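Colleague: Okay, handing you the structure first.
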Amino acid sequence: MTKILPGRTRASARLLLVAMAAGPLALTACSNEGSHQADTSTQTPSSATALAKPSDTASAPNKAAQDAAAQRAAAAASGDPVQPTNTAVPDPKDYGFGKAAATGAHGEVVAYAPRLVSGRVVVPLTFHNGGDQRVAYTVTVTVVGGRQKSPFSVVEKAGNVWPGTTWPTQADITASGATVGTSDTNISLKVVQYDPFADTN
């Protein structure tokens, strides 16, 4: 028969037995029930150490985060580290299309030598708006040469090109019979510029 200690109910005695089976930490928690002072003299050194250092372990991640932030700040370049290093808008030459084969609209529209792309013969084009207003372009690319001796034309459009920007595209001239890498193909351009917001009715 379990002896009930003075000042404890039968229920608290049962809790005490359960706590004793669970270990020193649970025993400490249960012995505080009923506003009784815990007997810390029975705690093992390891449990006493665990109870004595919660604030130290809680501050460790915070200190590690502060150290990491300090290291990042020390390694960052001067100025704003997220500012892009290259903010330049690409020029027509930046697309790597090579030498110009024809130009139009005072050099704003450039056609380049035909090339083979996915089995199709295409003429790369760049539209560069050198003005201070948005512009739309319609260009007729005419090819003379290749297997067909009669001129072959195709129309390409670039709508709403912002000032100072370049719009790259390509015209498919496979049906013209032109071949890549030969000098027997002549290209000409007819360009129409217009306000993309103008009322066309």
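Readers should treat all values here as calculations from the given coordinates under stated rules, not as data from a laboratory. The model shown is predicted, which means the values in this text are computed figures rather than measured ones. We place every Cβ from the backbone using ideal geometry, glycine too, and count neighbours over all the protein chains shown.
Colleague: In square nanometres and to one decimal, what's the mean projected area of the convex hull around the Cα atoms of region 90-201? Please report the intermediate quantities before stating the final value.
Modeller: Details: hull surface 29.9 nm².
For region 90-201, the mean projected area of the Cα convex hull comes to 7.5 nm².
Colleague: Next up: If you bin the C-alpha pair distances of region 97-151 every 5 Å from 0, what whole percents do you get?
Modeller: 4, 16, 24, 23, 17, 9, 5, 2, 0
Colleague: List the residues of region 129-165 whose backbone N lies under 16 Å from a point placed 7 Å from the Cα of A198 along the Cα-to-Cβ direction.
Modeller: 131-139, 158-161
Colleague: Would you kindly derive the ³J(HN,Hα) couplings of region 130-135 from the backbone phi angles with the Karplus curve 6.51 cos²θ - 1.76 cosθ + 1.60 (θ = phi - 60°), listing them in order in whole Hz, with x for Gly and Pro?
Modeller: Rounded to whole hertz, the list is x, x, 10, 10, 5, 9.
Colleague: How much length would be gained if the chain were fully extended between W162 and K63, taking 0.36 nm per residue of separation minus their Cα-Cα distance, in nm to one decimal? Please list the in-between numbers first.
Modeller: Values: separation 99, 0.36 × 99 = 35.64 nm, distance 5.01 nm.
So the extension gain works out to 30.6 nm.
Colleague: Something else about it: Output the relative contact order of region 127-188, whole-number percent, from Cα pairs under 8 angstrom with separation of 6+ residues. Present the calculation step by step, with values, prior to reporting the outcome.
Modeller: Values: 119 pairs, mean separation 26.1, N = 62.
Result for region 127-188 is 42 percent.
Colleague: Would you calculate the volume per residue, in Å³, of the smallest convex hull containing every Cα atom of region 130-183? Mind dumping the intermediate values first?
Modeller: On the way: hull volume 5.1 nm³, N = 54.
Normalising the Cα hull of region 130-183 by residue number yields 94 Å³.
Colleague: Quick check: residue separation of K190 and R147 times 0.36 nm, minus the Cα distance between them. What number comes out in nm?
Modeller: Values: separation 43, 0.36 × 43 = 15.48 nm, distance 2.27 nm.
Difference between extended and current length: 13.2 nm.
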